[in-house]
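What follows is calculated from the coordinates using simple rules that are stated; it is not laboratory data. Quick caveat: nothing in here was measured; it's all calculated off a predicted structure. FYI the Cβ positions are ideal-geometry reconstructions off the backbone, even for glycines, and counts take in every protein chain you see.
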Amino acid sequence: MNQTDPAEKLLQLLGGKWLAAAVSAAASLGIADALIKSPLTLEGLAEKISAEPDALRRLMRVLLGEDLIILNSESRFELTEMGDLLVSGELRELAIFVGSPFSWDPWSALADSVRTGESAFAKHHGNALFDYLDQHSDHAALYHQAIDEFSKREAEAVAKLYDFSTARRVADIGGGQGRLLVEVLSRWKHLTGVLFERPTATERAAVSFEKAGIADRCEVQIGDFLKELPDKVD
């Protein structure tokens, strides 16, 4: 049985933030979107994403080491199966969110948060998360898109594995852009649904419902689930 050396394991844990930062930077730069159609040389990629070639080379070495890309026999970079997930519409926005300063910086106050019981996010930004998002629409859009991508596979599994046959009206409380309701109502045609959410996510949710063909069976209710909940749901 192979056992990881404790020191090696700890060093991997401590270096995790650097890997997360590298993956987030790759997503922010649009590297996967640039490579998805065809492999590119370092110079070609640098030109396409407007990056400094030598700095990009160092980032690409990290991505190579983590199996997100490969360097083919023609010295061109290609995406791996995992790297494909960093394209737009997959997990790109989640990766960008992880490294975004508004999301990343509060983690530096984690120890203080444990000592005091106060929210690290609120201490750093001066507001709790959802109040902050209400005041910063650009960050709210990134947050909700990231959560939508994060929950996609889970929502698909819930819709497939849970038996909704006896339900008639279901609600997703704080459901963001409505990913769970899209999956559930698309599979279970007899259901109607309610998305109960703050206004920062509901506009995109309405678009998602229309695109999925469930807009006539799903309504959006504006509210704060910390204060109230929708009624008449199963």
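On C-alpha positions alone, give me the angle between the axis of helix 53-65 and the longest principal axis of the chain, in degrees, nearest 10.
70 degrees
Of the trypsin sites (Lys or Arg not before Pro) in region 1-88, which ones lie in a loop per DSSP and count no more than 11 other C-beta atoms within 10 Å?
37
Over the chain, what is the mean sequence separation of C-alpha contacts under 8 Å (at least six apart), divided by residue count, expressed as relative contact order in percent?
Numbers: 305 pairs, mean separation 30.8, N = 234.
That works out to 13 percent.
In a GNM of the chain with a 10 Å cut-off on Cα contacts, which of 66, 52, 219 has the highest mean-square fluctuation?
So, out of 66, 52, 219, the one fluctuating most is 52.
Given the options 71, 199, 146, identify the residue whose Cα lies farthest towards the positive end of the charge dipole of region 52-211 (+1 on Cβ of Lys, Arg; -1 on Cβ of Asp, Glu).
Highest projection toward the positive end goes to 199.
Taking the chain as the reference, fit the longest principal axis to its C-alpha atoms, fit the long axis of helix 199-212 to the helix C-alpha atoms, and give the angle between the two in degrees, 0 to 90, nearest 10.
Compared with the principal axis, the helix lies near 90 degrees.
For the residue pair residue 234 and residue 219, what label-to-label distance in nm results when each label sits 7 Å from Cα along the Cα-to-beta-carbon direction?
Placing both labels 7 Å along Cα→Cβ, they lie 1.8 nm apart.
Region 1-64: D in µm²/s via Stokes-Einstein (Kirkwood Rh, Cα pairs, 10 °C, 1.306 mPa s)?
119 µm²/s
Please state, to two decimals, what the Cα-based radius of gyration of region 161-222 comes to when divided by 2.2 N^0.38 Å (N = residues).
1.00
Would you work out the relative contact order for region 59-163, in percent, from Cα pairs under 8 angstrom that are 6 or more residues apart?
RCO, region 59-163: 20 percent.
Grab the DSSP H runs of the chain that are 4 residues or longer, score each as -39,500 (n - 2.57), total them, divide by all residues and round the 222 nm result to the nearest 500 deg cm²/dmol.
-16000 deg cm²/dmol
Which angle from 0 to 90°, rounded to the nearest 10, does the C-alpha axis of helix 137-161 make with the longest principal axis of the chain?
So the inclination is approximately 70 degrees.
How long, wide and thick is the chain, going by the Cα atoms along their three principal axes, in whole angstroms, largest first?
59, 47, 46
Which pairs, out of 189/232; 9/160; 37/160; 9/37; 48/211; 152/211, put more than 26 Å between their alpha-carbon atoms?
In this structure, 9/160; 37/160; 9/37; 48/211 exceed 26 Å between Cα atoms.
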